[in-house]
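Shown next, in structure tokens, is the structure this report addresses.
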Amino acid sequence: MGMVPMAAQKKPVQKRDKFEYSFELPVYVEQLKRELTYPLAWGNSDIKDFGRWRTAARKKVFECMMAPPRPAAIFDMRVEAEEQREGYKAQKISFNINAYSRVTAYLLVPDGDGPFPAINALHDHGAHLYIGKEKMIRPFGVEQEVADDANEWAARLYDGQFVGDYMASHGYVVLSVDAPLWGERGREEGVDRSKYDIIAGNMMMLGRDLCAFMHYDDIYATDFLATLPFVDRKRIGCLGCSMGAYRSWMLAALTDRIKAAASICWMVTTDVQMSTLDKKKENGGFANCLPGLRQYLDYPHIASMACPKPMLFINGSQDHLFPVRGVEAAFGIMRDAWRSQGADDRLETEIWDIPHSCGLKAQQRMLEFFDKYLK
């Protein structure tokens, strides 16, 4: 028998008898978690006026997001292509999302006279970066590989239905934009998930945070949406599943332009998210990393900055990413915040018997929610 080529011989993992990290967490993770007291959380902070607290908490979040991308001088929107769909028009547009990046996006506009309510549709992570906006809106005028990928992704996570098209067919203007590193904002060399955390590190060396750029761009995209003549700027919402859900409640917390938000399958407390007991850790990497923020606020504390806006949260009891005990704890923190402002009925928190997904029933539930608050 011939010898196995050197390139085919897999080197054994080099391991030392002593170590300080296990399961991609420090062995002292439980000690670190006990030191997280969240001093700026509503109820913990010495600021007792909710409006003043929101201002202070929002300021701290922006501080941890480091230097923002400079806003674009003008959005300079151009329609690159369009097609008529049943009850609405689909456009592929381009615009300056910030001073550095001109992006392509999908925009859906209902037939008839506006102004219409509008939705910023925020795509998921899924460790799948080849497509972004195409996860939310059915693409057109693209390579067959992109179209096939979008259809396969919609079948996998959304029961075969594109959420953006569903909302547009019911009278909403819908915008969806690639987050940095997804779709048409990816690497020249192609998709390689192992390289993305390196890119995030290089951005940090430049004094910027990649996750923050995603959130700032979501804010800027919402500002752009509000400039469109057929959009009622007083009736803009946002939605998303998975990372899109995280982006949705973050966006609602960080800008007053968002009047209502729906988040499917992304809410938990850090105590459970980073847990050797639950065998859980954060796998999103750069997509959920704002330096130093956890020293002040946990996820539900940040989401509470959206109070008293109408907010819908749905998580799944079969969701392997978010243990129910962590979800329930986070929901309880948020309910306390809304209750303190006499807005209990505007926060809807639900746990369904579903896996990590946003199927037809969840999409229908979101539509009913937005119809109630934006129509």
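The values are calculated or read from the model by the stated rules, or taken from the named source; none is laboratory data. Bear in mind that the values here come from a model prediction, so they are computed numbers and not experimental data. When we count neighbours, we look across all protein chains shown, and the Cβ atoms used for this are built from the backbone with ideal geometry, even at glycine. Side chains included, ligands, DNA and RNA excluded: accessible areas come from the protein's heavy atoms. Shrake-Rupley method; radii C 1.70, N 1.55, O 1.52, S 1.80 Å.
Data for the structure
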item: Residue under evaluation GLY112, criteria (1) surrounded by 14 or more Cβ atoms within 10 Å (Cβ to Cβ); (2) at pLDDT 95 or above, criterion not met; result: (1)
item: Pair list, Cβ < 7 Å and 6+ apart or interchain, from the stretch 130-145 residues that are within 20 Å of GLY244 (Cβ to Cβ) to residues that are open to solvent by 80 Å² or more (accessible area, probe 1.4 Å); result: TYR130/VAL191
item: Output for the stretch 204-213, where each listed residue is open to solvent by 10 Å² or more (accessible area, probe 1.4 Å), touching a Pro at 6+ places or on another chain (Cβ under 9 Å) and of a type outside the set (Lys, Arg); result: MET204, LEU210, PHE213
item: Selection within the stretch 161-191 - open to solvent by less than 50 Å² (accessible area, probe 1.4 Å) and either small (Gly, Ala, Ser) or over 30 Å from PRO115 (Cα atoms) (or both); result: GLY164, ALA168, GLY171, SER176, ALA179, LEU181, TRP182, GLY183, ARG185, GLY186, GLY190
item: Test result for ILE119, open to solvent by less than 10 Å² (accessible area, probe 1.4 Å), within 21 Å of the chain's Cα centre (by Cα) and β-branched (Val, Ile, Thr); result: yes
item: Odd one out for GLU348, checked against (1) open to solvent by less than 20 Å² (accessible area, probe 1.4 Å); (2) under 23 Å from TRP53 (Cβ atoms); result: (1)
item: Any hit, the stretch 35-53, residues being surrounded by 10 or more Cβ atoms within 10 Å (Cβ to Cβ) and of a type in the set (Asp, Glu); result: no
item: Selection from the stretch 351-365 of residues that are surrounded by 15 or more Cβ atoms within 10 Å (Cβ to Cβ) and assigned to a helix (DSSP H, G or I); result: ALA362, GLN363, ARG365
item: Single unsatisfied condition, ALA121 versus (1) outside any strand (DSSP E or B); (2) modelled with pLDDT of 95 or more; result: (1)
item: Qualifying residue in the stretch 184-197 (condition: hydrophobic (A, V, I, L, M, F, W, C), over 24 Å from GLU82 (Cα atoms) and more than 17 Å from the chain's Cα centre (by Cα)); result: yes
item: Matching residues, the stretch 141-183, being acidic (Asp, Glu), within 20 Å of GLU86 (Cα to Cα) and assigned to a helix (DSSP H, G or I); result: ASP165
